[in-house]
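The values are calculated or read from the model by the stated rules, or taken from the named source; none is laboratory data. Keep in mind it's a predicted model, so treat the numbers as computed, not measured. Using ideal geometry, Cβ is built from the backbone for each residue, glycine included, and neighbour counts are taken over all protein chains shown. Note: areas computed on protein heavy atoms with side chains; ligands, DNA, RNA excluded. Shrake-Rupley method; radii C 1.70, N 1.55, O 1.52, S 1.80 Å.
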Amino acid sequence: MARALELPALRRGLPEVVAAEDGLDRPVRWVHAGEAPNIASLLKGGELLLTQGLGVGPRAAEQRAFVRRLAERGIAALVVELGSRFTTLPAAVVDTARSHGLPLVQLHREVPFVAVTEEIHTEIVNEHYAVLRRAEVVHRECTEVLLRGGGVPEILRLFARFAGNPVFLESPEGQLWYAAGPGPGDPRPAGTDPLQVWEGLRARRADRRPEPPAGSVVADVPGGGPG
């Protein structure tokens, strides 16, 4: 979301973040523009919603309900263009967005929503294309490693460089078999030793928090033989 606010189409609207600025690290899955009062029911989550506020409602209770439903839907952010409906955002809208942690942005200048949509969607598509290209490179490198007889440690080091994160292979019982870090040139701060990271993950499981921390991925790896 923070990246979207830096793009020229939105910057021309003089955006001002008025609630949940700490949530601007949310990823934007898509952009949607609309004015329907029940627009939350049309969304899937992860959208940046552009609106002039025509569907927000005149009463405070309606305004709170409108924002609450959007927050419960899990949208990335609500962007309201001032002028057509509001000259300033109602307190009920701002307070509800703040209490639900929903990033709320007001635009002080009119902008064509189609230009905003086109620019952000181009960024999203380009990012997805870049990830696919990187995945193709990793697939090719993995194939080369296997063809020359490389084993699990080398594959894990390759994955760690690709992800910029430590990578681990565990037994089904949680025993650590292999660990690998990104290696030289890793931009992450010092002190992210793979074994230290794994110890933190093990402590998390011991605290009965089985879900992986934000930014990490857990995947089952099928293999032959016992386990």
*How high is the relative contact order of the chain, in percent, with contacts defined as C-alpha pairs under 8 Å that are six or more residues apart?*
16
*By DSSP, what percent of the beta bridges with both residues in the chain are antiparallel, rounded to the nearest 5?*
40
*asked:* What does DSSP give for the stretch 1-121 in terms of the percent of beta bridges that are antiparallel, rounded to the nearest 5?
replied: 25
_0 to 90° range, to nearest 10: angle between helix 194-206 axis and the chain longest Cα axis_ = 70
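Given the rule -39500 (n - 2.57) for each run of at least 4 DSSP H residues, summed and divided by the residues of the chain, what is its mean residue ellipticity at 222 nm, to the nearest 500 deg cm²/dmol?
Numbers: 7 runs with 92 residues, N = 227.
After summing the helix terms and dividing by the residues of the chain, the value is -13000 deg cm²/dmol.
Kindly give Rg over Rh for the stretch 1-121, based on alpha-carbon atoms, with the Kirkwood expression for the hydrodynamic radius.
Values: Rg = 12.6 Å, Rh = 13.8 Å.
Dividing the radius of gyration by the Kirkwood radius yields 0.91.
Among the GluC sites (Glu not before Pro) in the stretch 1-104, which ones are in a DSSP loop with at most 14 other Cβ atoms within 10 Å of the Cβ? Mind listing them? If you can, show how the numbers build up before the last one.
Details: sites: 6, 16, 21, 35, 47, 62, 72, 81; in loops: 35.
Within the stretch 1-104, the qualifying GluC sites (Glu not before Pro) (loop, at most 14 other Cβ atoms within 10 Å) are 35.
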_I need to check one value: relative contact order of the stretch 10-91, counting alpha carbon pairs closer than 8 Å and at least 6 residues apart, in percent._
31
*Principal axis lengths of the chain from Cα atoms, whole Å, largest first?*
67, 38, 34
*Using only alpha carbon pairs under 8 Å that are at least six residues apart, calculate the relative contact order of the stretch 73-131 and give it in whole percent.*
40
*Where the Cα pairs of the stretch 1-68 fall when distances are cut into 10 Å bins, in %*: 17, 48, 33, 2
*Protein accessible area in the chain, 1.4 Å probe - carbon and sulfur %*: 55
_Among 200, 79, 177 - extreme Cα towards positive end, dipole of the chain, charges at beta-carbon_ = 79
*Report the label-to-label distance for residue 163 and residue 14 in nanometres (one decimal), using points 7 Å from each Cα along the Cα→Cβ vector.*
4.6
